Structure formats: C-alpha cells, structure tokens
Amino acid sequence: MNLDDIGEPFAVGNTANIYLFENKIIKVFNDNLPETESISEAYKQEYAYSCGIHVPKVLDVIKVDGKQALLMEYIPGKTIGEIISRNPEQEEHYMSLTIDIQQRIHQCEGHSIELMSAKLNRQIKFAPNLKNNLKSMLLDKLDSMPIERRLCHGDYHIYNVIISDNRAATIDWVDASVGNIRADVCRTYLLYSQFSQEMADTYLHLYCKKSGLSKFEILEWTPIIAAARLSECVSTESSDRLLRIVNHYIEEN
C-alpha cells in the first residue's frame with residue numbers, strides 16, 4: 001500500500017498521521033520511532049479492548065510505503081473536545097463524562113504492558129535542557145513514589161474521546177502503561193493547563209470529588225510528569241513552561 005493510494009491525512013499528530021481509507025482508519029507512524037511502535041500500540045489497544053474499554057478494534061499491523069502502520073476500525077463521531085468548543089456551557093457535563101471513562105480505565109490491572117516507572121525513568125534521563133543534578137533529584141523522587149499496576153492511558157484528554165451513537169470511544173493508546181493512576185491524572189491536568197488553567201482546575205476538582213483522591217497526592221507527581229514530557233518535544237507544548245514547573249518544585253524542596 002502506498003501513501004498516494006490513501007489520500008491526505010485528516011489528522012496529524014506528534015507521532016503519526018491519520019488517514020481514512022475505505023471506511024477504515026490507517027495510522028501511519030513517523031520514521032523516527034522504534035520499529036516496534038505499531039506492534040506495541042496494537043497490543044495496548046487490544047488489551048484495553050479485552051478489558052471492556054470501548055476502543056477502535058485493531059484490524060491489522062501493516063506497512064505503508066515502508067512505514068509502520070495500524071489498520072483500525074473507523075468510529076465516526078465528534079471528539080468531546082469538539083463538542084465542548086461548540087457548547088462551552090456544557091463543559092462540566094462532558095468533563096465529568098470523560099472522568100468516568102478514565103476511572104473505568106484505571107480500574108483495569110495491567111499485564112505485560114510497559115511499566116510507567118520505567119517509561120518515566122527513561123524519559124527523564126533523555127529530557128533535553130534538564131541539568132543532570134535535576135534529573136538525579138527527579139529520579140530519586142520517582143523511586144520514592146507509590147507503585148501500582150493500573151492501566152493508564154498516558155495521554156488522556158477531551159480530544160482523545162469520541163462520541164458515536166451515544167457511546168464514548170477512547171483513542172490513541174500509544175503512551176499507555178501500567179502504573180500509578182495519580183500520575184496519569186497529573187498528566188491530564190498538565191495537558192489541560194497548557195491551554196486553560198480553568199479547564200485544568202475543573203478537571204482536577206471533579207476527578208478528586210469522584211475518586212476520593214486528594215489534589216496533593218495527584219499534584220505531587222507534577223515535576224516528574226513535566227520533566228518526562230520535555231523528552232517528547234511536542235510542538236504545541238512550551239519547554240520553558242515545563243522547566244518552570246520543574247524548577248518551582250526544586251525551589252520548594
């Protein structure tokens with residue numbers, strides 16, 4: 001299969017381009033990723049599916065112009081992010097819905113999926129613009145954090161949940177791991193605060209209210225998650241902002 005055969009992508013992400021072809025989704029990964037990326041994401045998505053999470057069904061792992069790719073079920077609909085942008089007065093309602101789904105994901109125990117602690121350790125070690133002494137402090141803090149083996153999406157936000165036929169499907173499982181759910185919640189909080197502190201605060205308030213977790217035990221992960229995110233080099237994220245978050249933690253301690 002060639003890229004010319006499948007047309008233009010309808011979505012471009014940090015790790016892949018997404019195409020709609022013959023009523024199926026083709027996710028074509030960037031060349032700079034490990035050769036096992038497509039197989040790894042397929043396994044994670046299939047595992048979530050086996051847990052009863054509504055996700056697009058993986059149909060095959062293929063090559064497109066020599067690039068690794070996933071062939072998946074197409075789930076038509078709108079993301080919750082799109083719905084909220086058109087109906088801002090319903091933000092809390094839809095945010096609450098996404099939290100219900102995230103908590104359902106967190107109820108699953110992970111098996112044979114990468115440990116979050118190993119992933120965060122690797123990301124912090126390779127984070128650019130982060131001095132070695134800061135890396136050491138953050139790695140020590142990571143080692144001291146409570147261990148869990150819960151399924152965590154790793155990139156959960158309102159644009160990764162699609163509403164279709166009154167059902168919500170969670171997409172983009174490339175960053176999934178098993179670990180402490182508080183770290184996963186903190187990651188989502190940081191993603192929202194990048195664009196809207198008000199949305200981030202609403203999310204954190206609702207998650208704590210629904211789960212019984214405290215804001216402190218979630219936000220304690222902030223410097224670790226911010227440092228790890230530096231290694232992702234996402235164009236929409238400010239590395240200066242992430243460094244300020246890390247340095248703020250260092251100054252407080």
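In Å, what Kirkwood hydrodynamic radius results for the chain from the alpha-carbon pair distances? Each step should come with its number before you reach the end.
On the way: mean 1/r = 0.0528 Å⁻¹.
Across the chain, the inverse of the average 1/r is 19.0 Å.
Where the convex hull is taken over the Cα atoms of region 120-184, what is its projected area averaged over directions, in nm²?
Spelled out: convex hull of the Cα atoms, projected over all directions, averaged, 5.6 nm².
Quick one: if you take sqrt(5λ) for each eigenvalue of the C-alpha gyration tensor of region 1-64, what semi-axes come out, biggest first, whole angstrom?
On the way: eigenvalues 85, 43, 22 Å².
Result for region 1-64: semi-axes of 21, 15, 10 Å.
Too long at a 28 Å Cα-Cα cut-off: which of Lys27/Lys209; Lys135/Lys210; Lys63/Lys131; Lys63/Lys119; Lys44/Lys131? Please report the intermediate quantities before stating the final value.
Working: Lys27/Lys209 36 Å; Lys135/Lys210 34 Å; Lys63/Lys131 39 Å; Lys63/Lys119 26 Å; Lys44/Lys131 33 Å.
Beyond 28 Å between Cα atoms: Lys27/Lys209; Lys135/Lys210; Lys63/Lys131; Lys44/Lys131.
Taking 0.36 nm per residue of separation and subtracting the Cα-Cα distance, what length does fully extending Asn32 through Ile147 add?
On the way: separation 115, 0.36 × 115 = 41.40 nm, distance 3.09 nm.
Full-extension gain reported as 38.3 nm.
Do any GluC sites (Glu not before Pro) in region 1-49 lie in a loop, going by DSSP, with at most 13 other beta-carbon atoms within 10 Å of their beta carbon, and if so which?
Qualifying residues, ordered by number: Glu22, Glu35.
Which whole-Hz couplings ³J(HN,Hα) result when phi for each residue of region 150-158 is put into the Karplus expression 6.51 cos²θ - 1.76 cosθ + 1.60, θ = phi - 60°, listed in order with x for Gly and Pro?
Coupling constants for region 150-158: 9, 5, 10, 5, x, 8, 7, 7, 5 Hz.
Please identify the chymotrypsin sites (Phe, Trp or Tyr not before Pro) of region 1-70 that satisfy two criteria: DSSP loop assignment and at most 13 other Cβ atoms within 10 Å. Which are they?
Values: sites: Phe10, Tyr19, Phe21, Phe29, Tyr43, Tyr47, Tyr49; in loops: Phe10.
Sparse-neighbourhood loop chymotrypsin sites (Phe, Trp or Tyr not before Pro): Phe10.
Hey, got a sec? Which chymotrypsin sites (Phe, Trp or Tyr not before Pro) in region 70-130 land in a DSSP loop and have at most 16 other Cβ atoms within 10 Å?
Within region 70-130, the qualifying chymotrypsin sites (Phe, Trp or Tyr not before Pro) (loop, at most 16 other Cβ atoms within 10 Å) are Tyr74, Phe126.
Relative to the longest principal Cα axis of the chain, at what angle does helix 132-144 sit, 0 to 90 degrees, rounded to 10?
For 132-144 against the chain, the angle is about 80 degrees.
Using the alpha-carbon atoms, what tilt in degrees (0 to 90, nearest 10) does helix 181-193 show relative to the longest principal axis of the chain?
80
Taken together, the values in this text are just the output of simple stated rules run on the coordinates, not laboratory data. Everything quoted here is computed from the prediction, not taken from an experiment. With ideal geometry, Cβ positions are generated from the backbone for all residues, glycine too; neighbour counts draw on all protein chains shown.
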